[in-house]
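The values are calculated or read from the model by the stated rules, or taken from the named source; none is laboratory data. Computed from a prediction, not measured in an experiment: that's the story for all the values here. Neighbour counts are summed over all protein chains in view; Cβ atoms, including those assigned to glycine, are modelled from backbone coordinates with ideal geometry.
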Amino acid sequence: MTNQTFTPRVFSGIKPSGGLTLGNYLGAIKRFVGMQGEMETIYCVVDMHAITVWQDPAELKMMTREVAAGYLAAGLDPTQSTLFNQSAVAAHAELGWIFNCVARVGWMNRMTQFKDKAGSNAEKVSLGLYAYPSLMAADILLYHATHVPVGDDQKQHVELTRDIATKFNHDFKTDFFPLTEPVIEGDATRIMNLRDGTKKMSKSGESDMERINMTDGADLIAKKFKKAKTDPEALPETLDGLKDRPEARNLVDIYAALDDRTSEDVIGEYAGAGWGKFKPALADLAVAKLAPISTEMARLMDDPAEIDRILADGAEKARAIAEPVLAQTYDIVGLLRPGR
């Protein structure tokens, strides 16, 4: 076994289902953009993950373009980063099958997100929903990604990716795949519901007022923050004072993430302030940061051919990295590919 050196490389992706929210922006896209220039960055619209539950075909294509538009409108530069949709690079599915044969059923049974999504209906969900963490590992390791920016709720999947890489390397006496590191940072890696601070902000929530959509205009963004649920107490002097105040903590964290500050710093500025002061300030900040993104997203969605061109260019760049990795994986495993 040789000691292989891996190029520092970031990979991450967003599923095109239900529309982008503030949680996607602060927990993912904003961080993706910020990592440009630090190391090689590869970002994906993971449309193959979306079909683990049934999707309307026309809606899926539209949402794939909308996620791409969100990346671009937030500042992702396709000349600096590789941006593509997952299904355009067939190697994802091919490596995913190999990893299905490496991963153990017991590992999949421990995946908490599957349990959350399947609930009591586990016997009736798709096999894809059960096995998708293995495909996620393939997404990452296909590019020999060394770092994956994720929220706390996705850390378990990166740990599974490391388990799969470790078992593959051990089984075939190689060091071919890296042990990818999760990158979890900032005060707002997990954005909560504006009406219930104990629940994650979701694309599928019952009320549109409980989330900020990245397509919301300035007036609606301001209205949602001003109507966000709070409590009667003023903001405390320290973060410890927000321990049992989930809605208050969520709004402070959102302010901090939007303004590139720590939550401690925000509390220091607004200690003792009531919501009549803080929520309008948060609304103004959110409009200043988010309204230009929603405007640019609308412009891009009016030109789907441009989005498709950018995704096609990105897929070509992605294949140039992915196909040699897949070919070497086939060779390591012993799969014969005559003429290739």
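For this structure, a couple of remarks:
- Flag for GLY106 being part of a helix (DSSP H, G or I), under 25 Å from ARG9 (Cβ atoms) and out of contact with any strand residue (DSSP E or B) (no Cβ under 6 Å at 6 or more places or on another chain): no
- First in segment 149-170 and without any contact (Cβ under 8 Å) to a residue 40 or more places away in the chain, second anywhere and of a type in the set (Lys, Arg), Cβ under 6 Å, 6 or more apart: ASP152/ARG190
- Residues of segment 34-65 that are under 16 Å from the mean Cα position of the chain (by Cα), within 17 Å of SER204 (Cα to Cα) and outside any helix (DSSP H, G or I): none at all.
- Index of the failed condition, GLY197 passing every other in (1) out of contact with any His (no Cβ under 9 Å at 6 or more places or on another chain); (2) closer than 25 Å to LEU72 by Cβ; (3) buried (at least 16 other Cβ atoms within 10 Å of the Cβ): (2)
- Selection from segment 215-234 of residues that are under 20 Å from GLY19 (Cβ atoms), of a type in the set (A, V, I, L, M) and touching a residue at least 12 places away in the same chain (Cβ under 8 Å): ALA218, ILE221, ALA222, ALA228
- Per-region count, segment 44-69, residues closer than 20 Å to ILE310 by Cα and of a type outside the set (Asp, Glu): 14
- Out of LEU311, LEU282, sole residue that is assigned by TED's automatic domain parsing to the domain that holds VAL252 and buried (at least 16 other Cβ atoms within 10 Å of the Cβ): LEU282
- For segment 243-264, the set of residues classified as surrounded by 13 or more Cβ atoms within 10 Å (Cβ to Cβ) and either of a type in the set (Lys, Arg) or without any contact (Cβ under 8 Å) to a residue 12 or more places away in the chain (or both) consists of ARG245, ARG249, ARG261, listed by residue number.
- Count of residues meeting criterion [closer than 18 Å to ALA93 by Cβ, out of contact with any Ser or Thr (no Cβ under 8 Å at 6 or more places or on another chain) and not in a loop (DSSP other than H, G, I, E, B)] in segment 139-159: 2
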